[in-house]
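J.: Shown below is the structure under consideration.
The values are calculated or read from the model by the stated rules, or taken from the named source; none is laboratory data. These numbers were taken from a predicted model, which means no experiment stands behind them. Cβ: placed from backbone, ideal geometry, glycine included. Neighbour counts: every protein chain shown. Just the protein is used for accessible areas: all its heavy atoms, side chains included, with ligands, DNA and RNA removed. Shrake-Rupley method; radii C 1.70, N 1.55, O 1.52, S 1.80 Å.
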Amino acid sequence: DKIQGKYEVIGSIEKLKGVNQVEMIEFFNYSCGHCYHFLNTSKKLHNKFKEKLFHKKYPIYWGKQTALPAKAFYITDELGVEERFTQELFDTNFKLQINIFQPRVIQRLSQHYEIEQEIRDGMKSPTIEAKVNKSLALAKKYNANETPTIILNNVLKITPSISGGTVEKMTENLELIIEDILNYN
């Protein structure tokens, strides 16, 4: 009994038998080119598996990066504009070559979205801080030292390097794995 595809087993494969929905946890970093590309390729997975795929995203950061984009992720998620704001942050980083870990960048984007006060308040919120800390703790738990790191149903770990080095290969690999999990009896 083996699931097709390339992955690291981090839990019991038996837990995958008979599941009706796959939970895909994604650890991502706003300065990661693979993560930026996965924003688009993951849509293929969503279109194919629809409600059978539950995608939960966790922003992480390291080194001299700040928590500001991760906090903005959770604030904008609560406001219902996370998807657009995340795209804008990635575009600002990769298309405009602007360091998005600076306070003024988040502030400018919040002005554009007319959510300045919400961003200011959220940046000081213990609840938002707790969500960011939870992201980092989960990333540590799953040893997510590459982004994106994908965890499926707390059993399988998939990364670009495990999948062959590219986001396209990782997305194809995820499609194969998710399909097999949903048909695993």
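J.: So which of 56, 95, 64 is within 17 Å of residue 24 (Cβ to Cβ) and out of contact with any helix residue (DSSP H, G or I) (no Cβ under 9 Å at 6 or more places or on another chain)?
T.: That would be 56, the only listed residue that is within 17 Å of residue 24 (Cβ to Cβ) and out of contact with any helix residue (DSSP H, G or I) (no Cβ under 9 Å at 6 or more places or on another chain).
J.: Looking only at region 112-148, how many residues end up being assigned to a helix (DSSP H, G or I), polar (S, T, N, Q) and either under 30 Å from residue 7 (Cα atoms) or open to solvent by less than 70 Å² (accessible area, probe 1.4 Å) (or both)?
T.: 2
J.: State whether one or more residues within region 6-22 are touching a strand residue (DSSP E or B) at 6+ places or on another chain (Cβ under 6 Å) and among the hydroxyl-bearing types (Ser, Thr, Tyr).
T.: Scanning region 6-22 turns up at least one residue that is touching a strand residue (DSSP E or B) at 6+ places or on another chain (Cβ under 6 Å) and among the hydroxyl-bearing types (Ser, Thr, Tyr).
J.: Another one. Go through region 1-38 and give me each residue that's in a loop (DSSP other than H, G, I, E, B), farther than 20 Å from residue 138 by Cα and open to solvent by less than 70 Å² (accessible area, probe 1.4 Å).
T.: 3, 5, 18, 19 - these are the residues of region 1-38 that are in a loop (DSSP other than H, G, I, E, B), farther than 20 Å from residue 138 by Cα and open to solvent by less than 70 Å² (accessible area, probe 1.4 Å).
J.: What single numbered condition from (1) open to solvent by less than 70 Å² (accessible area, probe 1.4 Å); (2) at pLDDT below 95 fails to hold for residue 185?
T.: (1)
J.: Moving to a separate point now. From the residues in region 70-83 that are surrounded by fewer than 16 Cβ atoms within 10 Å (Cβ to Cβ) and touching a helix residue (DSSP H, G or I) at 6+ places or on another chain (Cβ under 8 Å), which one is nearest to residue 136 (Cα to Cα)?
T.: It comes out as 78.
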